[in-house]
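Have a look at the structure below, then the notes.
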Amino acid sequence: MPTISEKPTVHHVAVQTSDLDNAIHWYREFFNATSTWTLDRFSELTQERLPGIIRLTEVELHNLRLHLFERSVFTLASGATDAIQFQHICLILDSHEEMVTWREKWFVLRDSGKFHFASDEEPTEIVVDDDGMESFYFRDVNGLEFEFSWFPKGTV
């Protein structure tokens, strides 16, 4: 039997959107992400798994790739908090000051009027856990939740 890695690594996270151009623009502005490639032709398997897929664009932010894809037909599960889904993605920051800066940047982009947001929910306040970890949660233009966290030295 071939040897397998004991520690798989993440290649990408797929993000479904109803407005690919809006999502690409937001990820570029918020995360300073770079678009690396786009597809508009798909295999039969992809078309079976994602009916109505129109385009897919990969964006990179540091060592994380996001595959943003648009479909012509899908259902938004409004209020379906018990649906099986990825709940959020947590990204680690280097300082409390970075947390404050990222949170402020979210408001600047929201207030710019350049983007359409699926949710009116604002980022949470920055909270500190019992172990000293700081974090806050926010949603992208599609309503998907992210968490930014910072672990002061000695708390991880």
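The values are calculated or read from the model by the stated rules, or taken from the named source; none is laboratory data. Nothing here was measured: the structure is a model prediction, and the numbers come from that model. Ideal geometry is used to build each Cβ from the backbone, glycine not excepted, and the neighbour counts take in all protein chains shown.
Quick notes on this one:
- The selection criterion, being modelled with pLDDT of 95 or more, under 17 Å from the mean Cα position of the chain (by Cα) and exposed (fewer than 14 other Cβ atoms within 10 Å of the Cβ), holds for Phe107.
- Of residues in the stretch 13-22 being among the aliphatic types (A, V, I, L, M) and closer than 14 Å to Glu145 by Cα, the one surrounded by the most Cβ atoms within 10 Å (Cβ to Cβ): Val15
- Taking (1) at pLDDT below 90; (2) surrounded by fewer than 10 Cβ atoms within 10 Å (Cβ to Cβ) in turn, Glu44 satisfies each apart from (1).
- Cβ separations smaller than 6 Å between residues 6+ apart or across chains give the following pairs from the stretch 16-32 residues that are in contact (Cβ under 8 Å) with a residue 24 or more places away in the chain and not assigned by TED's automatic domain parsing to the domain that holds Phe117 to residues that are in a helix (DSSP H, G or I) and surrounded by fewer than 18 Cβ atoms within 10 Å (Cβ to Cβ): Glu29/Leu109; Phe30/Leu109.
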